[in-house]
Structure formats: C-alpha cells, structure tokens
Amino acid sequence: MSVYFDYNATAPLRASSKKVMLEAMDFLGNASSVHSFGREVRRKIEFSRGEIAGVLDIEAKRVIFTSGATESNNLALKNFPGRAIVSAIEHDSILRVREDLIVVPVLADGTVDLEKLEATLSKDFTAPTLVSIMAANNETGIIQPLAEIIQIAKKHGAYVHSDAVQAVGRLNFPWQTLDMVSISAHKLGGPSGIGCLVINPNLPLIPHIRGGGQERSYRAGTENLLGIAGMAAALRDSAQDNLQLVERLRDDLEDLICQVFPESLVLNRNVPRLSNTALFHMPGVKSETQVMNFDLEGFAVSAGSACSSGKVKASAVLKAMGLDDDKSSEMIRISLGPKSTRSEIEAFAQVWQSIYQKCSPLKNLERKAQRNGYESVCSL
C-alpha cells in the first residue's frame, strides 16, 4: 500500500495543470518581444494572471509572479522600507529574512496574541510598518484571526502581508483586504518553482530583482510561462475540491486514534484549523522514528515543516505554543487531500497501533514485565 498524507509539503500535480503546461510547451517566443510570437506568449501569461486574480477577487495588476512563496516572502519583507512585525510561528522564509524583525508571541492555542500585537503597534515609530502574519500554519493547520489582525493594523496605519501558502484554495477569505499575499502553486496541485505575490500598488515596496522591468519592475526576468499556466489551472480547480469530505475524513481519523489510543494527543482539536491537517502525539516515540516506520509501511507523513536537509528538527512552532521538548519531539503531521479515502485512514490507524506497540519504550517494558510474570509495568 502506498498512501500520501503530506499534502501540506506539496500536493500531487493536478491533471488540469499538467494539460495546460503541456500545451504551453508548444508556445514559442519571449513575452517581452513585440512580434506575433511574443505577443501570443504575453496573451497567455496575462490570461493566466487574470484567472488567478478572478479566483482571489482582486485586480490583475496586483499579481506579481515569482519563483514561489519563499521569494514572495523575501520580496515582501526584505524590501519593505520600515519596521516589520511578525508572529513567532512564521515560516523560516519570513523569520530569516531580516535581523530587525519584531516578533509577537502566540497563545497556547497557536493563534497570535492580539493584545501584544496592538501593544507593539502602539509604540511610537515614524517609518512605515508592515505586519506579516501567516493565514494558516503549515505544521499545525491552525488558522489565524486575519480579519482582527487587519483591523488592528489598519487602526495604527500599518500595512498587512500574509503568507497564505496553506490557506489559498482551502479557506474562504476576502484576500483583497490584505496589502500583500504570498502564494505557492505546488501547495495547490500546481508545479513547483512558481508562485506570486499579490501587491498593493500604493505600498512603498522596493523592487526585488532588477533587470528588464518585467512584472511591473518588482521582479525582473523572463516569465515562466509553463509554471504560470499550471498555477492558474491549479488555483482555479482548487475551488472545486470537496473540503467538507476531507474534513470529515480528518475528524474520523482523529476519532479512530483517540478511541484506540486514549493516551495519544491531537493538538488543539477544538481550535479553528485547516480542514485537512492534524498533528498527533505518539507517547514515547520520536517523530523521526515514526516518519521512518510509517514510510516502511507505505505511508508518507511528516514531522512538521519540510526543510532542505530532509532531516527532522525541533519544531519552533510547537515551542512557541508552549509545548515541552519531549512532547513536541514526538509529534507527526498528517495532511490529507481531495483524493484521500476512508480505507486509507482506517489502514493508517492500524499501522499506528503496530508502530506504537513496536516502538514505544513503555509498551516494550510492559511486554518485558509480562514475560517475567508481572501483570503490568505499574506493579514494578
């Protein structure tokens, strides 16, 4: 059995994206050329830009194509001429962009401390201010109160950016109310290496990559036609996903785990989360051990955010939420998709039991005690 439960890392390429990308391969020309070949490529790019803008309900001129959300986040944060306020649970492509970031803590439920945010904004500062808060966390799936964040920021004259990589296509939100939004195609079932930054034209943002003046001079370089076309198709089709079915499967999986293993924990189950995401705690078994064992059983799961080394590292997100090191090092993330099935989650619960029985030090001690004639480890 081969089951993919890591949609938050990357989603399978949609058939519609693959189709339009294959068609785009037949296009010849540079979109900046004035001849008919170049004009045809330009029309395709602008058509895709319009499709993306239509889904987000924004003006097409606000969509600036990039190589992905990491570049979009860098463009938004690094080139903003003023102070930048972020949350403690942002992706590294936010937290590592600037050394002068002002970091606001989160509450135990994983949401931004709005009182601390307002207090930070209230401090005297003459330069422009940017507040950057992700729409939904990639590790926990917890949704941030963006509407309240925007209201607080605007009261203090600040601009608002959101890394919406996990949220666009999964959340119904008025994206036009934000000054900047980062989006990545491969999280939606589009190709890797393409994304966009939605930009408020009135925002004092310094261009990121200088050169030929493409993308309204914010990001120079010949546009990635194949990626842009594939991204537009993926974003368009994501609106047709049955997220209620995905949420029911996620909830049923959590019920299965909790019923069979009451000692396990589902992180912040009663907090608003993405419909596809769950974070499970397997007592006594390290995250890396779980990931490897699930992989051997044919299940692709994650210990949190994907990093370039491919190694499991301590979660700064869980630490910011107040979880102790032992518990946070025993968590795995399950992120489902539109093609996930009931038979897959039932099989997952069975494999969970097998791994827990095999790898838990407590369970091993219980078995040893039973072999020595003891009924329970508790009697030792």
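All of the numbers you see were taken from the coordinates with simple rules; none came from a lab. These numbers come from a predicted model, not from an experiment. Using ideal geometry, Cβ is built from the backbone for each residue, glycine included, and neighbour counts are taken over all protein chains shown.
Things to note:
- Checking every one of the trypsin sites (Lys or Arg not before Pro) in segment 115-220 against DSSP loop status and a limit of 16 other Cβ atoms within 10 Å picks out LYS123, ARG210.
- Projected label distance in nm at PHE125 and ASP26, using a 7 Å step from Cα toward the beta-carbon: 5.2
- Label-point separation in nm, HIS35 to GLN244, each point 7 Å along Cα→Cβ: 5.4
- Flagged links, alpha-carbon separation over 18 Å, of LYS286/LYS319; LYS78/LYS319; LYS19/LYS61; LYS61/LYS187; LYS78/LYS155: LYS78/LYS319; LYS19/LYS61; LYS61/LYS187; LYS78/LYS155
- The aspartates and glutamates whose alpha-carbon is closer than 20 Å to the alpha-carbon of LYS154, local same-chain residues fewer than 8 away aside, are ASP113, GLU115, GLU118, ASP124, ASP163, ASP179.
- Rounded to 10°, Cα long-axis angle of helix 287-296 versus longest principal axis of the chain: 90
- Ordered by the number of other Cβ atoms lying within 10 Å of each residue's own Cβ, fewest first, GLU40, GLU139, GLU346, GLU330 fall into the sequence GLU346, GLU40, GLU330, GLU139.
- Ordering of 87-96, 236-245 by burial proxy (mean other Cβ atoms within 10 Å per residue, highest first): 87-96, 236-245
- Förster-model FRET efficiency, 30 Å R0, ALA300 and ARG269, C-beta, rounded to 0.05: 0.85
- 0 to 90° range, to nearest 10: angle between helix 225-238 axis and the chain longest Cα axis: 60
- Prolate/oblate/rounded label for segment 15-238 (Cα gyration tensor, a/c 1.5): prolate
- Here the spin labels are modelled as points 7 Å beyond Cα on the Cα-Cβ line, and at ALA60 and ARG216 they lie 1.4 nm apart.
- Two-decimal log10 I(q)/I(0) for the chain, as the Debye equation yields it once each C-alpha is a single scatterer, q = 0.10 Å⁻¹: -0.68
- Förster radius 22 Å - calculated FRET efficiency between CYS258 and SER354 (Cβ-Cβ, nearest 0.05): 0.80
- In range of the label at LYS155: residues from segment 114-132 whose backbone nitrogen is under 19 Å from the point 7 Å along Cα→Cβ: 114-125, 129-132
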